[in-house]
Amino acid sequence: MSSKNTKLFSILKKLDDVKDLELPGLETAQKKEVLARQIVDSIRRIEYVEKLEKVNLSELRKNPNSTLFDPLKAAVLHSKNGNVDEAFWLLFLATHFGKSPAYGWSVVSDIYGRRGEGEAWTWDRVTADWSSFESWFKLASLEICNEKPKLKFSNHRKYQSLRHDTKNSVPTVVKSYIDYIGSHNSHLAKIAEAEYATSGDKSLQFDYFFKGLKSQVKSFSRLGVFDLVTMWAKVGLVNFYPQKAYFAGSTGPIPGATLLFYGVEGGYSPDALEEKLSELSPQLDLGSYSMQIFEDALCNWQKSPTEYIQFKG
């Protein structure tokens, strides 16, 4: 039996064995199987990134001028080499722009690699001379948009734009992130700040960063922040994880959770849904990323609860 099928049968059994919690959204075997398959897909997306730490990666993955460039793999390589600020920076860029269905990671490589016109916009370089980055981007954004007419951000970033004259232009977003990290320009110092503020309680540190990034970094939505901070852990930069799904402000996860726990599409508060999920989560025992798995799986499940559709994350 394949690993995927083993996971599927394990989750189905755990759903069958849930105690002291009603799941009216799973009144048919079909709905239960579709949810279980979405959970498996969510697990596999997380495992893909986690496994990058364990495989040999080409150094070309770090080179924005190479066709092999991949910001996630580059972040892993930089992290292994002790260049943690560059790893965090690449994950920020990867999360903000996303991987384009039409152009892959080429938008990230265009921005990070300065379109091959000079030294890359590394963390050290952009923090030392943000104004030059802003000036460079004004022309570069026009060239990128002309070269990539099919460029669209993902659904969760559909209101973003590469235009340089928008309220939340790329340089503005980057500046807000730099300001959030602090005048020391050190992500490790920011983590130390979080540890101090939470008295070293790992269960509180994800929330510390979630609230800080969401309130201070321009154009980063709830999901963008959630994805970014969980990605830090997946590549080994931090060891704290979400303790809830952060339903408030979401669009897909709320109807998914409401359907699961109440059998309807709406009418219940995010807090009520979080409480129900906190009861279900330990019974399914999905590990450190359980809340991200549920958040992702419920969002996809509610789109088609009776027929399995594979979504790409």
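The values are calculated or read from the model by the stated rules, or taken from the named source; none is laboratory data. Remember, it's a predicted structure, so these values are computed and weren't measured experimentally. Heads up, the Cβs are rebuilt from the backbone with ideal geometry, glycines too, and the neighbour counts pull from every protein chain shown.
Just a few scattered comments:
- Candidates Tyr289, Tyr246, Tyr268, Tyr262, filtered to the one that is out of contact with any Pro (no Cβ under 9 Å at 6 or more places or on another chain) and hydroxyl-bearing (Ser, Thr, Tyr): Tyr268
- Flag for Ala248 being over 30 Å from Lys80 (Cα atoms), surrounded by fewer than 17 Cβ atoms within 10 Å (Cβ to Cβ) and out of contact with any helix residue (DSSP H, G or I) (no Cβ under 7 Å at 6 or more places or on another chain): no
- Residue in the stretch 114-135 that is under 17 Å from the mean Cα position of the chain (by Cα) and outside any helix (DSSP H, G or I) present: no
- Here is the figure for the stretch 1-22: residues that are at pLDDT 95 or above and exposed (fewer than 10 other Cβ atoms within 10 Å of the Cβ) total 3.
- Odd one out for Asn239, checked against (1) surrounded by 18 or more Cβ atoms within 10 Å (Cβ to Cβ); (2) modelled with pLDDT of 95 or more; (3) of a type outside the set (Gly, Ala, Ser): (1)
- The listed residue being touching a strand residue (DSSP E or B) at 6+ places or on another chain (Cβ under 7 Å) and in the same structural domain as Asn185 (by TED's automatic domain parsing), out of Val107, Val126: Val107
- Test: Ser219 is among the polar types (S, T, N, Q), buried (at least 20 other Cβ atoms within 10 Å of the Cβ) and under 15 Å from the mean Cα position of the chain (by Cα): no
- Pairs are defined by a Cβ separation below 6 Å, a sequence spacing of at least 6 or placement on different chains, a first member in the stretch 133-148 that is surrounded by fewer than 14 Cβ atoms within 10 Å (Cβ to Cβ), and a second member that is not in a helix (DSSP H, G or I); the pairs so defined are Lys138/His164.
- Annotation for the stretch 169-184: at least one member residue is touching a residue at least 12 places away in the same chain (Cβ under 8 Å), within 29 Å of Thr251 (Cα to Cα), in a loop (DSSP other than H, G, I, E, B) and assigned by TED's automatic domain parsing to the domain that holds Phe92.
- Going through (1) farther than 21 Å from Asp285 by Cα; (2) not in a helix (DSSP H, G or I) one by one, Lys244 falls short only on (1).
- Unique match (being assigned by TED's automatic domain parsing to the domain that holds Gly82 and assigned to a helix (DSSP H, G or I)) among Phe261, Phe220, Phe294, Phe226: Phe226
- Those residues of the stretch 187-217 which are of a type in the set (D, E, K, R) and part of a loop (DSSP other than H, G, I, E, B), in sequence order: Asp201
- Inclusion of Ser154 among residues that are surrounded by 17 or more Cβ atoms within 10 Å (Cβ to Cβ), at pLDDT below 95 and in the same structural domain as Ser66 (by TED's automatic domain parsing) is not warranted.
- When each of Ala102, Ala87, Ala74 is tested for being assigned to a helix (DSSP H, G or I), touching a residue at least 40 places away in the same chain (Cβ under 8 Å) and either of a type in the set (S, T, N, Q) or not assigned by TED's automatic domain parsing to the domain that holds Pro255 (or both), the lone residue that passes is Ala87.
- Restricting attention to the stretch 24-44, the residues being crowded, with 18+ Cβ neighbours inside 10 Å and either touching a residue at least 40 places away in the same chain (Cβ under 8 Å) or in contact with a strand residue (DSSP E or B) (Cβ under 9 Å, 6 or more places away or on another chain) (or both) number 11.
- Every residue from the stretch 78-92 that is surrounded by fewer than 23 Cβ atoms within 10 Å (Cβ to Cβ) and at negative phi: Ser79, Lys80, Asn81, Asn83, Val84, Asp85, Glu86
- Residue count for the stretch 169-215, restricted to those that are surrounded by 15 or more Cβ atoms within 10 Å (Cβ to Cβ), under 18 Å from the mean Cα position of the chain (by Cα) and closer than 23 Å to Phe247 by Cα: 9
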